[in-house]
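Scroll down for the structure; my scribbles are underneath it.
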Amino acid sequence: MAALSARLQTILELIPQATLRLVDVGCDHGLLSRAFLEAHPESRALLIDRRPGPLAKAEALLSEQASSGRAEFRLADGLAAWCPTAGDTVVIAGMGGREILGILGRLAEEERFVGQKDFPIRILVQAMRDMPFVREALRRNGARSGGQKLCRDRGWIYSVDLYEVLFSTLKAVTPASVVREEEDWLGTWLWKSIRSEISSPDSGSRFSPQETLAYLRRQQRIAEGEIKGLSSAEVAQREALLTVFAQSIEVLEG
Ligand SMILES: C[S@@+](CC[C@H](N)C(=O)[O-])C[C@H]1O[C@@H](n2cnc3c(N)ncnc32)[C@H](O)[C@@H]1O
């Protein structure tokens, strides 16, 4: 059996125990869902991809689970084929942040949800880029951070973030044009961990210093690179953000 990449393994580890059904959006090969179903024999998975080729690969990989009714497949855009149920954890991983926000934003246009009673959903997101925009939109709409992990995979460092949101929140997300908050650049748990590390360096962080530094440096580079397109007020805010990054790096480097 093909082993999971470090990135997919990290996502798997962050799927909450209480998940009854994994909704794997952009499932591609289906490796994540298969590993999840093997580890959780009572659970089910809904695998979605908008391209027939990847979905066919996932169907082949999970044919056993499909025949016992534990895996279902949908050829669809984002969450268009999703009927939310309590116990769902939605995973959207391995795509750009703007694509993820597009998937969440398109839910708002769906008339089939009109009048539907609101309820909490868990959502696990991992964007290959523009993750701060995803965090900003979810936080601004009242999503609660439920966990975060960093991982290194083939020389890159990624963050996987878990949120608990009301279903109405997913329907409301709209992207911001600029991200300002440190918390959105780094993720709620990492930012809290950095702050406590800075105020009491012996506190014992849940993130390793090497991973933290690598992620801070990556986000610092992105924030610096974006300065060109900002207004003068935004440049001032961005410089303040970069100062915080630089100070945090200095403290962590000891
Ligand atoms: C790079 S792969 C990521 C696969 C897996 N989620 C992972 O993290 O390794 C992206 C997959 O998402 C699918 N995809 C991209 N946009 C999508 C959308 N709007 N709706 C459904 N699938 C989408 C692509 O067809 C592709 O199979």
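Observations on the model:
- Some residue of region 3-17 being assigned to a helix (DSSP H, G or I), surrounded by fewer than 16 Cβ atoms within 10 Å (Cβ to Cβ), away from the ligand (no atom under 15 Å from the Cβ) and acidic (D, E): no
- Residues in region 30-46 that are within 18 Å of G78 (Cα to Cα) and either among the small types (G, A, S) or more than 10 Å from the ligand (Cβ to nearest atom) (or both): 4 in all.
This table checks each residue for (1) out of contact with any helix residue (DSSP H, G or I) (no Cβ under 8 Å at 6 or more places or on another chain); (2) within 22 Å of Q9 (Cα to Cα); (3) more than 16 Å from the ligand (Cβ to nearest atom).
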| position | (1), (2), (3) |
| --- | --- |
| R112 | yes, no, yes |
| R140 | yes, no, yes |
| S145 | no, yes, yes |
| L150 | no, yes, no |
| S159 | no, yes, no |
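- Members of region 110-130 found to be outside any strand (DSSP E or B) and open to solvent by less than 10 Å² (accessible area, probe 1.4 Å), listed by number: F113
- Residue within region 195-216 that is open to solvent by 20 Å² or more (accessible area, probe 1.4 Å), in a loop (DSSP other than H, G, I, E, B) and under 19 Å from G97 (Cα atoms) present: no
- Within region 55-107, the set of residues being within 27 Å of F133 (Cα to Cα) and assigned to a helix (DSSP H, G or I) comprises G97, R98, E99, I100, L101, G102, I103, L104, G105, R106, L107.
- Where a residue in region 28-42 is outside the structural domain of E59 (by TED's automatic domain parsing) and in contact (Cβ under 8 Å) with a residue 12 or more places away in the chain and its partner, wherever it lies, is among the hydrophobic types (A, V, I, L, M, F, W, C) and surrounded by fewer than 16 Cβ atoms within 10 Å (Cβ to Cβ), with Cβ under 7 Å and at least six apart: none
- Filtered by the rule that a residue be in contact (Cβ under 8 Å) with a residue 12 or more places away in the chain and on the phi > 0 side of the Ramachandran plot, region 146-194 gives G147, R154, G187.
- Filter result for the condition that a residue is farther than 14 Å from V90 by Cβ, open to solvent by less than 20 Å² (accessible area, probe 1.4 Å) and modelled with pLDDT under 95, over A143, A172, A137: A137
- Hey, G87 near the ligand (Cβ under 8 Å from one of its atoms), of a type outside the set (V, I, T), closer than 27 Å to P120 by Cβ and in contact with a Lys or Arg (Cβ under 8 Å, 6 or more places away or on another chain) or not: no
- Residue list for region 18-29, restricted to those being part of a loop (DSSP other than H, G, I, E, B), near the ligand (Cβ under 9 Å from one of its atoms) and open to solvent by less than 10 Å² (accessible area, probe 1.4 Å): C27
- Search result, residues across region 9-27 that are free of Cβ contacts under 8 Å to residues at least 60 places away in the same chain and touching a strand residue (DSSP E or B) at 6+ places or on another chain (Cβ under 9 Å): C27
- Residue check, G102 open to solvent by 70 Å² or more (accessible area, probe 1.4 Å), within 24 Å of L186 (Cα to Cα) and of a type in the set (G, A, S): no
- Among (1) within 20 Å of L12 (Cα to Cα); (2) over 16 Å from the mean Cα position of the chain (by Cα), the one test that T188 misses: (2)
- Checked against (1) surrounded by fewer than 18 Cβ atoms within 10 Å (Cβ to Cβ); (2) in the same structural domain as R129 (by TED's automatic domain parsing); (3) not in a helix (DSSP H, G or I), L162 meets all criteria but (1).
- On inspection, G53 passes the criterion of being within 11 Å of the ligand (Cβ to nearest atom) and over 25 Å from W156 (Cα atoms).
The values are calculated or read from the model by the stated rules, or taken from the named source; none is laboratory data. On a predicted model such as this, the values are computed, not experimentally measured, just so you know. Glycine gets a Cβ as well: all are built from the backbone with ideal geometry, and neighbour counts include every protein chain shown. Ligands, DNA and RNA are stripped out before the accessible areas are found, and what is left, the full protein with its side chains, is counted by its heavy atoms. Shrake-Rupley method; radii C 1.70, N 1.55, O 1.52, S 1.80 Å.
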